[in-house]
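Colleague: Have a look at the structure that comes next, please.
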Amino acid sequence: MLRHLTIRNFATVNTLDMKFSAGMTAITGETGAGKSIILGALGFTLGDRADKTIVRPGTSKAEICAEFDTSQIDAAQLWLSARDLLAEDDPNLCLLRRVVGSDGRSRAFINGSNVNLTNLKELGELLINIHSQHEHQSLLHKATHQQLLDDFGVDRDLRSRLSSVWKQWRKNHQKLSELGKTSKGNAAQAEFLSFQLSELDALAIVEGEFSALEAEFRTLNNAEDILGRSHSALVELGEAEEGNIANRLNTISSTLQDLPEKTREILSVLSLLENAQIQIEEAVRELRNFISDFQADPERLQEVNRRLEVLHDVSRKHKIVPDELPRLMAELRAQLDSLENCEEKQAQLETNDHLQREKFTQLASEQSRQRKFAAKKLEKLINARLVTLGMPHASLQVHLSQTNGDDPLRQGLETVEFLVSTNPGQPAQSLIRIASGGELSRISLAIQVITAQTSQTPSLVFDEVDVGIGGGVARVVGELLRKLGERTQILCVTHEAQVASQSQHHYVVAKHSTTDSVQTSIQQLDSKDRVRELARMLGGEDCSAESLAHAQQMLTGTDA
């Protein structure tokens with residue numbers, strides 16, 4: 001329920017603060033006083049788009065705050081909780097705030113947290129619903145008719161499940177379609193990949209082979225130099241008849257060992273020489289073994305060289321370095337496996353398509369059953385209401401037309417359209433064909449009042465939906481809104497005294513002009529002031545005794 005609305009520097013409003021209660025609240029005032037500005041500000045907090053023209057001239061920004069009590073709105077509390085936007089001090093409080101600067105830039109907040117307009121609109125739809133005379137235009141569209149019928153009589157959980165299944169089917173169908181488009185080229189691509197892989201597989205390339213072959217080639221290609229240098233090193237280390245390093249180290253070590261007294265430093269040197277002798281002996285053994293085992297094989301050199309040339313050639317063909325050939329083979333094999341699995345994927349997608357179509361048809365059939373039942377009930381209620389609104393010969397039909405085509409459609413198995421006959425014997429036809437604006441206004445009001453009774457939204461706003469009616473019909477409208485206010489909060493902007501007299505709460509909007517500015521103000525009326533305002537609405541500014549008496553009688557009749 002809307003509890004409080006604060007408006008700052010919005011259009012002709014300087015500052016307005018309004019407190020709201022349960023039941024029906026009427027907002028009245030002279031034409032042009034700014035009644036619609038108040039609802040425009042409320043719509044602004046609910047996510048309507050705005051520009052810098054709404055900022056009051058001479059100010060830097062406009063700001064509107066709307067405070068709601070969500071204690072009875074489970075959907076809103078779940079929405080807030082899911083996004084971590086519940087108010088910390090009071091989880092039942094929901095504060096919407098919108099600010100727009102003189103440059104046209106706006107910001108939106110929910111319980112102090114910055115949000116985008118999509119968030120604001122989603123939450124706003126759970127908190128309040130605004131019915132305006134401009135909805136006459138939206139009633140001319142079939143999509144509106146379907147929404148009204150479904151809100152009136154189709155289970156919300158069913159609609160949610162149907163929407164989910166339809167989205168799953170569409171996603172699967174898109175994948176199936178894309179796979180079908182690419183499958184034509186898959187055969188040729190698979191054949192080319194198979195050719196490439198067969199060529200590479202024939203080479204039996206292994207990981208690290210190229211680097212190992214390069215090292216082996218360098219060794220074989222320098223075999224004579226390697227053997228010559230190795231033999232020279234072996235001679236110098238230990239095989240020369242005189243002066244080899246091993247003998248020289250042994251002589252030096254013996255000399256130091258014969259010293260009569262060995263200092264700490266001499267002992268250290270002897271230890272180092274001993275280690276050096278061991279290392280030299282190990283080096284000699286290693287060199288002997290290497291020279292003994294080394295094979296200077298010209299045929300192997302040619303074989304290695306040919307293999308390297310083959311690897312170089314195939315790597316140039318694929319525009320990579322030879323070391324990357326194993327990785328290329330793995331990638332080509334993965335691509336080929338993916339293409340070869342296309343048939344399997346397509347079969348799975350086709351199975352999914354079949355199952356999702358069956359599930360959609362099952363849910364959509366139940367939706368159709370509920371729509372047909374709801375359509376009859378809605379027709380009966382609206383037609384009864386049209387009688388009370390002075391259209392006894394009017395008849396509304398909720399027409400369901402079977403959709404064509406084999407693919408599931410978002411709206412289900414049928415389209416919905418409201419058809420109306422306004423005179424006896426006249427065939428029912430589309431609302432857009434109704435010439436009389438007054439008739440359309442009353443038909444729209446009947447539809448809105450009936451469908452509002454099944455709305456899950458706890459606050460409903462009616463903005464001048466009584467345009468074009470008067471007298472006894474206006475009183476009926478007021479009585480309808482008052483009765484509706486027994487189960488939900490009603491805010492009603494009206495020019496009709498018969499409607500305003502039915503409200504439990506009454507505000508009057510006024511415009512005040514000075515030489516350099518215009519300001520809109522609002523005042524909550526007590527019983528005495530209500531009589532004068534109703535009298536003004538009945539007879540103009542110069543309230544006669546008769547209009548005052550009539551106004552008092554209207555209020556007395558409603559026990560206001």
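The values are calculated or read from the model by the stated rules, or taken from the named source; none is laboratory data. Given the structure is predicted, the values throughout are model-derived calculations rather than measurements. Cβ coordinates were reconstructed from backbone atoms using ideal geometry, including for glycine residues, and neighbour counts include every protein chain displayed. Note: accessible area is taken over every heavy atom of the protein model, side chains too, but ligands, DNA and RNA are not part of it. Shrake-Rupley method; radii C 1.70, N 1.55, O 1.52, S 1.80 Å.
Colleague: Starting from a Cα-only point model with no solvent, please compute log10 I(q)/I(0) by Debye for the stretch 344-440 at q = 0.21, 0.25 1/Å.
Modeller: Values, matching the q order: -1.04, -1.25.
Colleague: How would you order 526-538, 330-342, 285-297 from highest to lowest mean count of nearby Cβ atoms within 10 Å? Before the final figure, lay out the partial values.
Modeller: Working: 526-538: 18.5, 330-342: 13.9, 285-297: 11.9.
Going by the mean number of other Cβ atoms within 10 Å, highest first, we get 526-538, 330-342, 285-297.
Colleague: Turning to a different aspect of this structure: Mind ranking E242, E214 by accessible surface for me, highest first, 1.4 Å probe?
Modeller: Numbers: E242 165, E214 70 Å².
Per-residue accessible area, sorted high to low, gives E242, E214.
Colleague: Next question, about the same structure. What is the Cα coordinate range of the stretch 326-377 on the first, second and third principal axes, sorted by size from largest, in whole angstrom?
Modeller: 73, 15, 8
Colleague: Which helices count as membrane-span-like in the chain under these terms: full DSSP H, at least 24 Å along the axis by C-alpha, Kyte-Doolittle mean of -0.5 or more?
Modeller: Values: long enough: 156-203 (65 Å, -0.85); 264-293 (44 Å, 0.03); 298-317 (29 Å, -1.23); 342-388 (65 Å, -1.11).
Helices meeting the span and hydropathy rule in the chain are 264-293.
Colleague: Treating cross-link reach as a plain straight distance, find the lysines whose alpha-carbon is under 29 Å from the alpha-carbon of K317, omitting any fewer than eight places away in the same chain.
Modeller: K184
Colleague: Could you let me know the centre-to-centre spacing of the stretch 408-451 and the stretch 210-277, using Cα atoms, in angstrom?
Modeller: Computed from Cα coordinates, the inter-centre distance equals 109 Å.
Colleague: With a sphere of radius 15 Å drawn around the Cβ of A296, what net charge do the other residues whose Cβ falls strictly inside it have (Lys, Arg +1; Asp, Glu -1)? Could the numbers behind the result be given before it?
Modeller: Details: positive: R218, R229, R300; negative: E216, E224, D225, D293, D297, E299, E303.
Net charge around A296: -4.
Colleague: I need the peptides 29-37, 257-265, 119-127 ranked by packing, meaning the mean over residues of other C-beta atoms within 10 angstrom, with the highest value on top.
Modeller: 119-127, 29-37, 257-265
Colleague: How much net charge surrounds Q356 when only the other residues with a Cβ under 15 Å from the Cβ of Q356 are counted, with Lys and Arg +1 and Asp and Glu -1? Walk me through the intermediate numbers first.
Modeller: Details: positive: R161, K167, R170, K171, K175, R357, K359, R410; negative: E350, D353, E358, D406, D407.
Every neighbour counted, the sum reads +3.
Colleague: Let me ask another. Just the number please: accessible area per residue for the chain, 1.4 Å probe, all protein chains included, in Å². Don't jump to the answer; show the numbers that get you there.
Modeller: Working: 30590 Å² over 560 residues.
Ligands and nucleic acids excluded, the figure is 55 Å² per residue.
Colleague: For the stretch 301-317 and the stretch 75-123, what is the separation of their Cα centres, given in Å?
Modeller: For the stretch 301-317 versus the stretch 75-123, the Cα centre distance is 69 Å.
Colleague: Okay, moving on. When you take every Cα atom in the stretch 481-560, what is the radius of gyration, and what is Dmax, the widest Cα pair distance, in Å?
Modeller: 14.0, 46
Colleague: Straight-line reach from K167: which aspartates and glutamates have a Cα under 13 Å away, not including same-chain ones fewer than 8 places off?
Modeller: Filter leaves D353, D407.
Colleague: Go ahead and estimate [θ] at 222 nm for the chain from helices alone: -39,500 (n - 2.57) per DSSP H run with n ≥ 4, summed, over the residue count, rounded to 500. Before the final figure, lay out each step's value.
Modeller: Working: 18 runs with 307 residues, N = 560.
Mean residue ellipticity at 222 nm (helix-derived): -18500 deg cm²/dmol.
Colleague: Also, quick follow-up: Using a simple spin-label model with points 7 Å from Cα along the Cα→Cβ vector, what separation in nm is obtained for E303 and A276?
Modeller: About 4.4 nm separates the two model spin labels.
Colleague: Where the centre of each part is set by its Cα atoms, how far does the stretch 139-162 sit from the stretch 499-535, in angstrom?
Modeller: If we compute the Cα centre of each part, the gap is 38 Å.
Colleague: Averaged over all directions, how much area does the convex hull of the C-alpha atoms of the stretch 375-523 cover when projected, in nm²?
Modeller: 13.1
Colleague: Okay, moving on. Per the Kirkwood treatment, what hydrodynamic radius in Å, one decimal, follows for the chain from the mean inverse distance over all distinct Cα pairs? Before the final figure, lay out each step's value.
Modeller: Working: mean 1/r = 0.0307 Å⁻¹.
It is 32.6 Å.
Colleague: K61: which aspartates and glutamates have alpha carbons under 12 Å from its alpha carbon, excluding same-chain residues fewer than 8 sequence positions away?
Modeller: Output for K61: D51, D103.
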